[in-house]
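Working notes, beginning with the structure itself.
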Amino acid sequence: MSELQIGEIVTAIYKTGKYIGEITEVRPQHYLVRVLAVLKHPMQGDLHSPKDADVLIFHERRALSYREQANIPYKMVKPFENEVPDYLDSLKAAVAKMKKELTETSSEWANMSLKAMESLERDYRF
């Protein structure tokens, strides 16, 4: 049973990223959320083997784009009361925070994640 309505501004966790967005549709088990800002950049690597460098494919995981929509289960969506930051500013801050955390972690996974984040930064062009 959904409690939030179309047009509400929310936080939404999608895979390992956290976003601020607007509900654009209420579906039977999900909200369709349009991304407006990034709170936490997705972790790099294999979603099924978190923080493991010894995986078949070490995935480079992009943040959802501005105004991209995603189906997010009800339990992963909460109301957001503050002012919505600028998407690009929020993405820069989320990338910087993730890189800082990775540089403070000495592991092969952290090293591979840092390389992926640097590649993503070039891709994001900021």
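Charged neighbours of residue 5, selected by a Cβ distance under 12 Å, balance to -4 (K, R count +1; D, E count -1).
Pairs over the 25 Å Cα-Cα cut-off, from the set 40/78; 15/51; 75/115; 75/99; 78/100: 75/115; 75/99; 78/100.
Full extension of the chain segment joining residue 59 with residue 125 gains 21.8 nm, where the gain is 0.36 nm per residue of separation less the Cα-Cα distance. Principal-axis analysis of the Cα atoms of the chain puts helix 87-103 at an angle of about 40° to the longest axis. Take the convex hull of the alpha carbons in the chain; its mean projected area over all directions comes to 8.1 nm². Taking a point 7 Å out from the Cα of residue 74 in the direction of its Cβ, the residues of the stretch 1-25 whose backbone N falls within less than 13 Å of it are 1-5. Computed from Cα atoms, the angle from the helix 108-124 axis to the main principal axis of the chain rounds to 60 degrees.
Here the calculated FRET efficiency for residue 118 and residue 6, from their Cβ-Cβ distance with R0 = 35 Å, stands at 0.35, rounded to the nearest 0.05. Report the relative contact order of the chain, percent, no decimals, based on alpha-carbon pairs under 8 angstrom and at least 6 residues apart. Value for the chain: 26 percent. Rounded to whole Å, the principal axis extents of the Cα atoms in the stretch 71-126 read 36, 27, 21, largest first.
Read-outs throughout are calculated quantities, based only on the coordinates presented, and are distinct from any laboratory measurement. Computed from a prediction, not measured in an experiment: that's the story for all the values here. Quick reminder, even Gly has a Cβ in these numbers, built from the backbone with ideal geometry, and neighbours come from all protein chains shown.
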